[in-house]
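**Student:** Could you have a look at this structure, given as structure tokens, before my questions?
Nothing in this text is a laboratory measurement; each read-out follows from the coordinates by a stated rule. Keep in mind that this is a model prediction, so the values were computed, not measured. As a convention, Cβ positions derive from the backbone with ideal geometry for all residues, glycine included, and neighbour counts pool all protein chains shown.
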Amino acid sequence: AELDTLDIVVLSVILLGTIAYFTKGKLWGVTKDPYASSIGNANGVKAGKTRNIVEKLEESGKNCIIFYGSQTGTAEDYASRLAKEGKSRFGLETMVADLEDFDFDNLDAVPSDKVVMFVLATYGEGEPTDNAVDFYEFISGEDVSFSGDNDPPLDNLNYVAFGLGNNTYEHYNSMVRNVNKALEKLGAHRIGDAGEGDDGAGTMEEDFLAWKDPMWAALASKMGLEEREAVYEPVFSIVEREGLTKDSPEVYLGEPNKMHLEGTAKGPFNAHNPYIAPIAESRELFSVKDRNCLHMEVDISGSNLSYQTGDHIAVWPTNPGQEVDRFMDILDLTHKRDNVISVKPLEPTAKVPFPTPTTYDAIVRYHLEICSPVSRQFVATLASFAPDDESKAEMTRLGGDKEYFHEKISVHHLNIAGVLKTVSKGKKWTNVPFSVLIESVTKLQPRYYSISSSSLVQPKKISITAVVEAQELPGREEPFRGVATNYLLALKQKQNGDPNPTPFGATYEIMGPRNKYDGIHVPVHVRHSNFKLPSDPSKPIILIGPGTGVAPFRAFVQERAQQAKNGENVGKTILFFGCRRRSEDYLYEQEWDEYKKVLGDKFELVTAFSREGSKKVYVQHRLKERSKEINELLEKKAYFYVCGDAANMAREVNSVLSQILAENRGITEAKAEEIVKNMRAANQYQEDVW
Ligand code: FAD
């Protein structure tokens with residue numbers, strides 16, 4: 001797009017307002033090519049690509065490498081935004097890198113005129129994300145050693161750190177804290193503060209924005225960088241492929257990689273390569289009209305996938321048709337939605353986050369998170385592409401003013417199309433380079449579900465228990481509807497006889513690209529977790545699982561019933577389940593009776609129905625009532641498990657447990673809290689919360 005004077009002015013305002021352009025990690029990623037045909041590549045590492053950081057920086061002419069430890073894509077996004085901002089504001093030669101693609105034993109050899117950034121999410125109970133495990137073990141290890149002999153070892157290293165955490169978890173932001181500590185101990189020099197974003201308080205985005213400006217100032221002064229006028233430079237070129245149509249066999253219409261395109265999909269199935277699994281069975285679990293909870297049986301017998309009781313299954317959703325249409329419409333893409341394009345990186349370390357050639361429609365439907373909330377930074381970025389001056393001014397204001405943004409955008413839960421339409425009063429945004437959207441809209445993420453079946457009982461069928469997300473939100477006429485769960489609801493309706501399911505009016509391309517998901521299939525992969533039954537079945541277990549938090553506990557009880565049938569000595573199993581009303585959302589009511597028949601007094605179900613009495617009763621209240629018994633079980637080395645809501649329930653259960661210990665053991669609450677902490681450290685207390 002050509003820039004007129006006003007553009008320049010607005011861009012400068014944006015600059016002064018410290019707003020940056022940003023992109024995604026996968027665009028700037030180094031060695032991954034998840035779309036290539038061979039499985040080796042599906043896991044990322046291409047033959048011949050270096051794992052040596054110093055070599056990589058040299059060969060690509062970079063002076064700033066931004067590593068991410070990411071589980072759900074947010075840390076990766078932030079890393080990319082830093083890369084983009086570093087480049088556009090300060091002329092840093094940035095690149096984003098996946099921690100698992102590099103070795104760290106020569107971190108000491110990174111020259112002091114370069115900078116290494118770490119954007120690190122903390123996962124689960126203070127754990128590193130999957131891609132950060134090796135790095136974390138290395139850097140925090142007792143006998144970490146480097147290839148050189150500097151003293152202190154990392155005296156050369158200049159680093160920046162930001163963590164993504166959730167204060168409702170016990171080990172808040174422990175990843176960034178521990179890595180920061182380890183780096184300091186090794187003599188590295190941090191620039192700016194080690195930032196911490198808090199998802200629990202819902203302030204992640206604002207925490208990030210507030211942290212990065214002082215950090216940039218400190219970095220600029222340390223490295224002698226001069227701020228320059230940020231001008232948008234596309235990361236990708238979009239090439240229209242006139243010779244191809246959407247029916248050409250080489251065109252991706254939503255297929256996740258080349259094997260899927262060619263119909264030769266095979267394992268290993270993982271986060272880069274889903275298995276298109278048949279849904280063997282599906283049904284509704286609630287008995288009320290206005291809320292839905294799905295039970296689904298996903299058949300993995302045709303794959304080499306396996307799972308263990310307590311693992312998670314990831315579901316790869318597609319966006320609802322109406323949202324795809326809305327997005328296309330406001331960005332004036334409707335007339336060319338089926339045009340075939342190739343997307344090429346204009347920057348050697350950038351990577352296209354989906355396989356091409358493909359169509360606009362396929363990109364928006366299968367690869368972009370178009371329904372999620374919009375970040376303030378993105379709104380600021382889009383200002384310079386507004387269709388008129390008024391919209392431009394409004395976008396700039398929204399981008400620069402936290403309170404205004406909250407009041408106009410956040411409370412209405414507007415997604416991208418919603419923001420654009422509201423701001424321009426319906427006028428189409430014809431000037432937004434498609435590259436900006438690819439750079440800035442998060443890649444559509446798989447959703448995880450705690451597997452609700454036992455692998456001992458049904459090793460080749462995975463159960464899912466998922467509540468269909470429909471939130472009444474103030475400031476919205478329609479309830480907000482979750483992407484993955486409404487897609488699953490459509491699949492369930494299809495399986496139960498509706499040829500054209502439209503849950504709450506939404507349509508989904510449930511047949512998949514080129515009808516490849518015909519016959520009710522869903523793309524999935526399995527993620528192994530540490531949430532596990534004690535290996536000795538005779539150990540007592542205490543399970544706290546209200547709502548869909550009961551999912552993994554259905555699996556646990558199912559497993560124990562099978563073990564009892566097999567003649568094993570099964571320990572006491574006590575399950576605390578809570579919901580609104582017995583007659584509405586009592587999950588698996590009949591099944592518990594069946595397990596009871598097998599397990600006898602080894603199994604006890606304690607229920608809390610929050611809306612039946614005059615006072616709200618939750619699982620933590622029931623737990624408290626059983627104080628003495630719970631303490632006795634714990635003295636017998638019972639394992640304690642909590643699953644479900646991280647924000648309130650898990651926290652309250654934790655504190656109730658401390659109270660129980662204090663009261664029964666005649667110790668102070670502080671001492672009791674210490675014991676609970678130790679139980680967690682020893683895996684005697686396990687959480688699977690979200
Ligand atoms: P999404 O579209 O992802 O929306 C989710 C929420 O995000 C919305 O409710 C809303 O609060 C917010 N949101 C999204 N878009 C906007 C917007 N534009 N504006 C404002 N807010 C917005 N769930 C289960 O039901 N059962 C399980 O067993 C289960 N196990 C899990 C295990 C793990 C390890 C994890 C991490 C999660 C688990 N979940 C489980 C949750 C599940 O992964 C999904 O988050 C959930 O099903 C919602 O997905 P969705 O795509 O339907 O909703």
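**Student:** Please give me the summed charge of the neighbours of H189: other residues whose Cβ is under 10 Å from its Cβ, Lys and Arg +1, Asp and Glu -1.
**Tutor:** 0
**Student:** Report the calculated FRET efficiency for N52 and H335 (r = Cβ-Cβ distance, R0 = 51 Å), to the nearest 0.05. Working shown, then result.
**Tutor:** On the way: r = 48 Å, r/R0 = 0.94.
So the FRET efficiency works out to roughly 0.60.
**Student:** For region 201-243, state which GluC sites (Glu not before Pro) are in a DSSP loop and have at most 12 other beta carbons lying within 10 Å of their beta carbon.
**Tutor:** E226, E229, E242
**Student:** List the GluC sites (Glu not before Pro) in region 441-518 that DSSP assigns to loop (not H, G, I, E or B) and whose Cβ has at most 13 other Cβ atoms within 10 Å. Which are they? Intermediate results must be reported in sequence, preceding the final value.
**Tutor:** On the way: sites: E469, E472, E477, E509; in loops: E469, E472, E477, E509.
Of the GluC sites (Glu not before Pro), the ones in loops of region 441-518 whose Cβ has at most 13 other Cβ atoms within 10 Å are E472, E477.
**Student:** So what is the calculated 222 nm ellipticity per residue for the chain, using -39500 (n - 2.57) for each DSSP H run with n of 4 or more, over all residues, to the nearest 500 deg cm²/dmol?
**Tutor:** Taking each H run of at least 4 residues, the total per residue is -10000 deg cm²/dmol.
**Student:** May I pose another question? In whole Å, largest first, what are the principal axis extents of the Cα atoms in the chain?
**Tutor:** That works out to 77, 67, 51 Å along the principal axes.
**Student:** If every alpha-carbon in region 229-314 counts as one equal scatterer, what log10 I(q)/I(0) does Debye give at q = 0.17, 0.20, 0.26 1/Å?
**Tutor:** The calculated log intensity ratios at q = 0.17, 0.20, 0.26 Å⁻¹ are -0.91, -1.04, -1.32.
**Student:** What list do you get for T607, T356 if you sort them by fewest beta carbons within 10 Å?
**Tutor:** T607, T356
**Student:** List the GluC sites (Glu not before Pro) within region 62-164 that DSSP assigns to loop and that have no more than 11 neighbouring Cβ atoms inside 10 Å.
**Tutor:** Working: sites: E76, E85, E93, E100, E125, E137, E142; in loops: E93, E125, E142.
Within region 62-164, the qualifying GluC sites (Glu not before Pro) (loop, at most 11 other Cβ atoms within 10 Å) are E142.
**Student:** Decide, for region 172-223, between rounded, prolate and oblate: order the square roots of the alpha carbon gyration tensor eigenvalues as a ≥ b ≥ c, take rounded if a/c falls under 1.5, and otherwise choose prolate if a/b is larger than b/c, else oblate.
**Tutor:** It is oblate, given that a/c is not under 1.5 and a/b is not larger than b/c.
**Student:** How large is log10 I(q)/I(0) at q = 0.15 Å⁻¹ when the Debye formula is applied to the Cα atoms of region 452-566, each weighted equally and without solvent?
**Tutor:** Computed log10 I(q)/I(0) values: -0.86.
**Student:** Extent of region 572-690 along each principal axis, from alpha carbon coordinates, in Å, largest to smallest?
**Tutor:** For region 572-690, the Cα spread along each principal axis is 41, 33, 26 Å.
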